[in-house]
Amino acid sequence: MNLGENSVKKIEGCGEKEAVVMFQELKERDPYDESLYSALMKYYNSHGRYRKSAGVYKEIAELLREELSVEPGAELAALYKNTLERLSKKSECARNTWFPRNAELERLTTSLRNFQRGGDFSSFIICAPMGTGKTALISRFLKDAGNCGIVIRITCYEAERDSPYCVLNQITGGIIDKIQRDRVSMEGKSYRSLKFLMKYFSFKNRGANAGQIDVLDPLSYRHFVENNRQLLTTALEHYKIILCVDDVQFMDVPSMDFLRKKY
């Protein structure tokens, strides 16, 4: 029985934070062990966290490509494909389950039009019981919003609430991906510094890098924040940015403080 199979048995009864910490402890023994990533993906899938599961695959895929110049094995790739299929079905179900929330949709759409034209716009908090159409409302809105700039959708989890800049780190990744695809010029030193620091502020890597980030602190935090300000300033010169945060009550405080400021 490999480490991955053992870890599934160990983490299946855990909460998310405990499961991730256990994953990190096992990963330190062999960061290239695909069975460990498979275990965490299966854990997330069993709890309907398909986006998180897909993120785990992307982590190991990037690691293998950058450090070993190989692709993930067939078994892990098949699990990733199955995860994306389940995510697609879940999203499609949400889109097709439409409760009459036309008034809210119209308010969102009106604010989006104003935002596109440079007029007054608003931030919205959508709060309602489960099963009342929140996901369908947001999906319909974001489908139109995608035509006007960078749309970043993030889900906050309670397990990540104590990880500083965890949410900002995900926003950074989304903006950098768009800038790279469009070949927008970005100041080299700032970009390299961000790429270096991002791994330390990832919740997935927090356990493995906790000691290293403490050594870099407070300089690492200051550089991360300052370089993110430069990144956001550059991005706003070229794009409109729409940020959708699910379960915002679980956002880490440093990320919330950063986003409250005007840029």
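The values are calculated or read from the model by the stated rules, or taken from the named source; none is laboratory data. Computed from a prediction, not measured in an experiment: that's the story for all the values here. Cβ atoms come from the backbone with ideal geometry, glycine included; neighbour counts cover every protein chain shown. Heads up: the accessible areas ignore ligands, DNA and RNA and are worked out on the full protein's heavy atoms, side chains in. Shrake-Rupley method; radii C 1.70, N 1.55, O 1.52, S 1.80 Å.
Which residues, taken from segment 230-241, are part of a helix (DSSP H, G or I), surrounded by fewer than 15 Cβ atoms within 10 Å (Cβ to Cβ) and not aliphatic (A, V, I, L, M)?
T233
In segment 242-256, the residue that is most open to solvent (accessible area, probe 1.4 Å) out of those that are in a helix (DSSP H, G or I) and of a type in the set (A, V, I, L, M, F, W, C) is V253. Within segment 142-154, if we keep just the residues that are open to solvent by 10 Å² or more (accessible area, probe 1.4 Å) and at pLDDT below 85, the residue that is nearest to Q249 (Cα to Cα) turns out to be L142.
Within segment 60-70, can you find the residues that are assigned to a helix (DSSP H, G or I) and surrounded by fewer than 17 Cβ atoms within 10 Å (Cβ to Cβ)? The answer is E62, L63, R65, E66, E67, L68. S163 meets the stated requirement of being surrounded by 19 or more Cβ atoms within 10 Å (Cβ to Cβ) and either touching a residue at least 24 places away in the same chain (Cβ under 8 Å) or part of a helix (DSSP H, G or I) (or both).
Evaluate segment 73-80: report whether one residue or more is assigned to a loop (DSSP other than H, G, I, E, B) and more than 27 Å from C156 (Cβ to Cβ). Yes, that holds for at least one residue. The residue list I171, I175, I126, I179 contains one member that is out of contact with any strand residue (DSSP E or B) (no Cβ under 8 Å at 6 or more places or on another chain) and crowded, with 18+ Cβ neighbours inside 10 Å, which is I179.
Do we find a residue being surrounded by 21 or more Cβ atoms within 10 Å (Cβ to Cβ), modelled with pLDDT of 80 or more, out of contact with any Cys (no Cβ under 8 Å at 6 or more places or on another chain) and small (G, A, S) anywhere in segment 75-84? No, every residue in segment 75-84 fails to be surrounded by 21 or more Cβ atoms within 10 Å (Cβ to Cβ), modelled with pLDDT of 80 or more, out of contact with any Cys (no Cβ under 8 Å at 6 or more places or on another chain) and small (G, A, S). Note on segment 1-23: among residues that are within 22 Å of the chain's Cα centre (by Cα) and surrounded by fewer than 20 Cβ atoms within 10 Å (Cβ to Cβ), the one that is modelled with the lowest pLDDT is C14.
Among the residues of segment 39-59, those identified as of a type in the set (A, V, I, L, M) and buried (at least 19 other Cβ atoms within 10 Å of the Cβ) are A39, L40, M41, V56.
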